[in-house]
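Okay, structure first, notes after.
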Amino acid sequence: MTLDKSSTILRILPQPPAADILDELGSVGLGVSSQDVADADRAAERLAAGSRQDDRMTSVSLESNDLGRALVVVVDDRAAHGEDQTLIGPLVGELLTEAGFHVDATIAVSADEVEIRNALNTAVIGGVDLVISVGGVGVRPRDVTPEATAGLLDRSLPGIEEAVRSSGLAAGASDAGLSRGVAGMSGQTLVVNLASSRAAVRDGMATVTPLAERIISSLTEL
């Protein structure tokens, strides 16, 4: 590279052939032979190959941290009409992402049994690994999420249901014992109902995610 003083433009000169460089280095007594250059080339190739292998291993490691696909269904009349300000859906999505799931979407539906069932069924048909529904698990007339969910389940998982209730009670939420939320498998999709308070979501997700990981892992090994 040289500087043309008349135009102050940097110009890149063509590089001389490698053989000429070797002759020049040898002439000044640096003792660089063609064998030295060949050895250096081979070392550089090994280093590049190792770097590519590291990249592949990193990619595999990142993929292994992806536990599966998840979908969130928020059962709330206000949320279904865009009026909900509690941001429960994004909270569940954030907790799922932190646990290692890829969240396909968050869907808000009214507290209507048919709408809830359709949303859950769409997720199951879509092949997601985990569906978390939030809301509609209490004792009010429009709390029909358990009824909508039960009709889709091939097998119930009462252990998860009780674990979610127990975690809420242990955290001091006395109304956790009133939750009628159910859990079970629909095909190869795990479906879990949670109550809609932020505390219930946090406690429930802390209980559900490690259990979901084990279930998904066991199904993958089949």
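The values are calculated or read from the model by the stated rules, or taken from the named source; none is laboratory data. Nothing here was measured: the structure is a model prediction, and the numbers come from that model. Quick reminder, even Gly has a Cβ in these numbers, built from the backbone with ideal geometry, and neighbours come from all protein chains shown. Surface accessibility is based on the protein's heavy atoms, side chains included, excluding ligands, DNA and RNA. Shrake-Rupley method; radii C 1.70, N 1.55, O 1.52, S 1.80 Å.
A straight line joining the Cα centroids of the range 120-140 and the range 157-216 runs 12 Å.
Summing charges over all other residues whose Cβ lies under 10 Å from the Cβ of Thr189, with Lys and Arg as +1 and Asp and Glu as -1, gives -1.
A 1.4 Å probe run over the protein chains yields, for the range 104-154, 44 Å² of accessible area per residue, whole-number rounding. What does DSSP give for the range 55-187 in terms of the percent of beta bridges that are antiparallel, rounded to the nearest 5? The antiparallel proportion sits near 15 percent.
Just how large is the dipole of the range 62-159 about the Cα centre, in debye to the nearest 20, putting +1 at every Lys and Arg Cβ and -1 at every Asp and Glu Cβ? Numbers along the way, then the final one.
Values: 6 positive and 16 negative charges, 45 e Å.
The dipole of the range 62-159 has a size of about 220 debye.
Modelled this way, with points 7 Å down the Cα-to-C-beta line, the labels at Leu87 and Ile125 are 3.3 nm from one another.
For the range 57-172, give the percent of accessible area contributed by carbon and sulfur heavy atoms, probe 1.4 Å, rounded to a whole number.
The nonpolar share, carbon plus sulfur, comes to 54 percent.
Of the trypsin sites (Lys or Arg not before Pro) found in the range 66-158, those in coil by DSSP whose Cβ has at most 15 other Cβ atoms within 10 Å are Arg142.
When the Cα positions of Val103, Ile132, Gly151 are compared along the charge dipole of the range 83-165, Gly151 comes out farthest toward the positive end, with charges on each C-beta of Lys, Arg, Asp and Glu.
With only Cα atoms counted, the range 145-222 has Rg and Dmax values of 12.5, 40 Å. Taking square-rooted eigenvalues a ≥ b ≥ c of the alpha carbon gyration tensor, is the range 87-198 rounded, prolate or oblate, where a/c under 1.5 means rounded and, failing that, a/b exceeding b/c means prolate? Since a/c stays below 1.5, the shape of the range 87-198 is classed as rounded.
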